[in-house]
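The values are calculated or read from the model by the stated rules, or taken from the named source; none is laboratory data. None of the values given here were measured: they were computed from a predicted structure. Ideal geometry is used to build each Cβ from the backbone, glycine not excepted, and the neighbour counts take in all protein chains shown. Protein only, heavy atoms only, side chains kept; ligands, DNA and RNA dropped before computing areas. Shrake-Rupley method; radii C 1.70, N 1.55, O 1.52, S 1.80 Å.
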Amino acid sequence: METLAIVPLPVISSDVSPARPAPAAPSVAGGYLPSGTAHSWWKTVRIMLVLSLGISVLVNPRALGSWSAFAITYGYTLMYSLGLWLTNGYVVEWLNRRYAWTVQPGRRLLLTLSVSLGGSVLVILLMNAVMLLLRGKPLTQLFAPAMYWPLMLPLIITVIISLFNHSRAFFFQWREAAVRAERLEKETAVARLDSLRRQVDPHFLFNSLNALTSLVEENDPARAVRFIRQLSQVYRYVLDSQSHELVPLAEEVAFAESYLFLQKTRLGDALAVEMDLPPASVAGYFVPPLALQLLLENVIKHNTAFQTDPLHLRVSLDTAAQTLTVRNTLRPRRLAPGEASGMGLKNLAARYAFLTDKPLAMGEAAGEFVVSLPLLVL
């Protein structure tokens, strides 16, 4: 029998496991990696079949004179390569789910080196053991001095390629995190400016001043003073919250109560509000600033309200689902062109998309429009 080569195929997985789908995007940090689809699997297998064929010819050209010898060399090279590829692929995917490069880079580096090298050593020892058995030699020779080089050569190749791939993985994840941070900053800035613009909108201030004028004319100084204080608190909160990514839910609720007081003073019995938010239930939760106010403003802006047929609005908190829900009677009214841009909820949903995996839910149910805000816990 011709001499058989113990050489791995230098195609080592990086940051995508063969067991689950992955996007064919720049964040894929390896060479030829499976994405979980049949097409990607078949593509990877074809590449390995071809490369294994080329390496088998290069490392053991004498085996070309015997089909059986070449088949053994080819099969051994292919199994060697697949073993290293699958081992590194599953290991990296397991590490990705628990230790991201961008969160714990030091621990991730140590774990990657130790686990990846350990798995590669096991594969190399297993394949060398198979080779010894095929040659009819005892397994005791596996740790003989003559086997050191057959063990170290593929291990060195594996380490070099793994370090290259993991370096690419770190770079791509870092770049993706930087892009996400930049997008979040941009979305937050846009949302802040949009919220500020809406709150200091001349229509809102004009309506509030008209309501205040009515209180003065009605000779109700107590309510007029309270109205002025609530209006001041609304604008103070708007200005103070612009520098925060998140605010305590208790502060947002207090602000919403001031805002609703101004609206109820203007609309009277045409607006019926129910706030089912016990103080103890809101403790420990956070939301983006002005998130609740945006929903309340949309309710009043997009629905009709009459003294004889009030617009019902209810705000409740579900501690089990960790959501804040705003529901209102669905009575759409026609708005002037340009008055409703539809960007408020879109901006809010975009902000939540960068803060949490929980989506902002909205829709119609039983004649009501319902919006649920995920509550965040720091």
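Taking the simple approach of a point 7 Å from Cα along Cα-to-Cβ for both Leu378 and Ala353, what is their distance in nm?
According to this spin-label approximation, the distance is 2.5 nm.
With every protein chain in place, what's the accessible area of Val57 (1.4 Å probe, Å², nearest 10)?
Counting only protein heavy atoms, Val57 exposes about 50 Å² to solvent.
Residue by residue through segment 318-328, what is 3J(HN,Hα) from phi via Karplus (6.51 cos²θ - 1.76 cosθ + 1.60, θ = phi - 60°)? Round to whole Hz and write x for glycine and proline.
Per residue, the Karplus-derived 3J(HN,Hα) values read 10, 5, 5, 8, 6, 9, 10, 10, 10, 10, 8 Hz.
Can you put Ser68, Ser232, Ser208 in order of accessible area, largest first, using a 1.4 Å probe? Please list the in-between numbers first.
Values: Ser68 75, Ser232 50, Ser208 5 Å².
The residues order as Ser68, Ser232, Ser208, largest area first.
Return the FRET efficiency for the residue pair Val50, Gln141: r is the Cβ-Cβ distance, R0 is 41 Å, and the value is rounded to the nearest 0.05. Show your work: numbers first, answer last.
Working: r = 33 Å, r/R0 = 0.80.
It comes to 0.80.
From largest accessible area down, sort Ile47, Ile228, Ile72; use a 1.4 Å probe on the protein chains. Write down the numbers at each step before the final one.
Details: Ile47 35, Ile228 90, Ile72 55 Å².
Correct descending sequence by accessible area is Ile228, Ile72, Ile47.
What does the C-alpha gyration tensor say about the overall shape of segment 237-330? Classify as rounded when a/c is under 1.5, otherwise prolate if a/b is larger than b/c, or oblate.
Working: a/c = 2.17, a/b = 1.53, b/c = 1.42.
It is prolate, given that a/c is not under 1.5 and a/b is the larger ratio.
Based on Cβ point charges of +1 for Lys and Arg and -1 for Asp and Glu, what charge dipole magnitude is obtained for segment 244-378 about its Cα centre, in debye rounded to the nearest 20? Could the numbers behind the result be given before it?
Details: 11 positive and 14 negative charges, 80 e Å.
So the magnitude is around 380 debye.
Given a Förster radius of 45 Å and the C-beta distance between Asp240 and Leu111 as r, what FRET efficiency does 1/(1 + (r/R0)^6) yield to the nearest 0.05? Each step should come with its number before you reach the end.
Numbers: r = 43 Å, r/R0 = 0.96.
FRET efficiency, Asp240 to Leu111: 0.55.
Using a cut-off of 22 Å between alpha-carbon atoms, which lysines can reach Lys346, once sequence neighbours fewer than 8 places away in the same chain are excluded?
The qualifying lysines are Lys186, Lys301, Lys358.
For the peptides 73-82, 259-268, what is the packing order when you average, over each peptide's residues, the other Cβ atoms within 10 Å and list the highest mean first? Write out the running numbers ahead of the final one.
Numbers: 73-82: 21.0, 259-268: 18.9.
Per-residue Cβ counts within 10 Å, averaged per peptide and sorted highest first, yield 73-82, 259-268.
Under a crude label model (7 Å from the Cα following the beta-carbon direction), how far is Arg62 from Arg183 in nanometres?
It is 5.8 nm.
For Val121, Val377, what's the largest-to-smallest order of accessible area, 1.4 Å probe? Don't skip to the end; give the middle numbers.
Working: Val121 45, Val377 85 Å².
Sorted descending by solvent-accessible area, the residues read Val377, Val121.
Could you go through segment 351-365 in sequence order and give the Karplus-derived ³J(HN,Hα) for each residue, using 6.51 cos²θ - 1.76 cosθ + 1.60 with θ = phi - 60°, rounded to whole Hz, and x for Gly and Pro?
Each residue's phi maps through the Karplus curve to give 5, 5, 4, 8, 9, 7, 7, 6, x, 7, 9, 8, x, 9, 7 Hz.
Want the number for Thr304 to Ile156: 0.36 nm per residue separation, take away the alpha-carbon distance, what's left? Don't skip to the answer; put the middle values down first.
On the way: separation 148, 0.36 × 148 = 53.28 nm, distance 7.36 nm.
Stretched fully, the Thr304-Ile156 segment lengthens by 45.9 nm.
Given a 1.4 angstrom probe, what's the average accessible area per residue across segment 249-291, in square angstrom? Display every interim value, and only then the final one.
Details: 1620 Å² over 43 residues.
Averaged over the residues of segment 249-291, the accessible area is 38 Å².
Tell me the accessible surface of Glu185 in square angstrom (1.4 angstrom probe, heavy atoms of protein chains only), to the nearest ten.
Answer for Glu185: close to 130 Å² accessible.
Efficiency by 1/(1 + (r/R0)^6): what FRET value for Val225 and Glu364, r their Cβ-Cβ distance, R0 = 56 Å, to the nearest 0.05? It would help to have the intermediate numbers written out before the result.
Numbers: r = 40 Å, r/R0 = 0.72.
Efficiency for this residue pair is about 0.90.
Multiply the residue separation of Leu133 and Lys346 by 0.36 nm, subtract the distance between their alpha-carbon atoms, and state the gained length in nm to one decimal.
Stretched fully, the Leu133-Lys346 segment lengthens by 70.2 nm.
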